[in-house]
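Every read-out reported here was derived from the displayed coordinates using simple, explicitly stated rules and does not represent laboratory data. Just so it is clear, the model here is predicted, and its values are computed rather than measured. Cβ placement follows ideal geometry from the backbone for every residue including glycine, while neighbour counts extend to all protein chains displayed.
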Amino acid sequence: AEGIPAINCDCLHCSRAKREDEKLVRGRNAVLFSLPGYQLLLDTPPDIRALLVKNKVRRIDGIFLTHPHHDHSGGLEEFLYWRAELDLFAETTVYEALRREEWGDRLPEVAFHCAFHPGMAVRFDGFFFTPFAVYHTAPCFGLALYEGGHKIVYTSDSSNRFSNYAYCLMKEADLLIVNTPRFSPPHEDHITSTEAVELKARVRAKHLILTHFNHENKPHDELEEWAKGMDGVTAAYDGLEIEI
């Protein structure tokens, strides 16, 4: 997603965002998980510096990179200036794509590469996560995060097609986070907001967070009003905090 307002766009959605600001304005998508003894950042969009400064984030221990598209990885360079050691969780093909196309041998200067394999749990003292592959235009991975008896599932950029394994991981999640740039079909590359609600029902997730909107989705106030008509559905906005 290109953020809202989009560059050089005067559509009604972008025009409202320029005029009214607040929740109508959206940066690119990133999620920070505060876990026992560890701060895990999902993705590094090009505007990650502004997002971290605005939200007063002073600690990050690791980055989970879902895929190499620029709107999810373009801010990695900012972490050359991060004055602390970082882990970089990236599947091998994603890491090699970044090295080949952008970074060369400089990528280890940003963070220590912690390779993962889909379906294999990555364990810490107090929590663990299991990555899983999703259907997208590049190799892409979501994750199921387990901590304190709770399960959070993040699907990343995925079409409305999941493996049976992914459905099993999503089953009865306490929190399901789904990237939905557009409101309704057709959209082959990404699941839409209406399809995500159907996914929530299918896997019986307790709560659904819709995020990663672009200007072709509804403005935030309209999305929020639509979501109010359903149990356990929230339209995210920049700076949203949720405690599980």
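Listing for the model above:
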{"item": "Protection proxy ranking of 179-187, 8-16 - average other beta-carbon atoms within 10 Å, highest first", "result": "179-187, 8-16"}
{"item": "Built amide H within the under 5 Å cut-off of Ile63, gap 5+", "result": "Leu41, Asp87, Leu88, Phe89"}
{"item": "Three principal axis lengths of the stretch 182-244 [C-alpha, angstrom, descending]", "result": "31, 27, 20"}
{"item": "Matching label, mean projected area of the Cα convex hull in nm² computed from the structure shown, candidates (1) 14.4; (2) 19.0; (3) 12.7", "result": "(3)"}
{"item": "Rounded to 5, the percent of DSSP beta bridges in the stretch 122-236 classed as antiparallel", "result": "60"}
{"item": "Rounded to 5, the percent of DSSP beta bridges in the chain classed as antiparallel", "result": "50"}
{"item": "Square roots of 5 times each gyration tensor eigenvalue, C-alpha, the stretch 26-115, largest first, Å", "result": "19, 15, 12"}
{"item": "Segment Val57-Glu85, length gained on full extension (0.36 nm per residue, minus Cα span)", "result": "8.6 nm"}
{"item": "Residues whose placed amide H lies under 5 Å from that of Lys151, excluding near-sequence neighbours", "result": "Asp174, Leu175"}
{"item": "Estimated dipole of the stretch 122-236 in Debye, rounded to 20 [Cβ of Lys and Arg +1, of Asp and Glu -1, Cα centre]", "result": "420"}
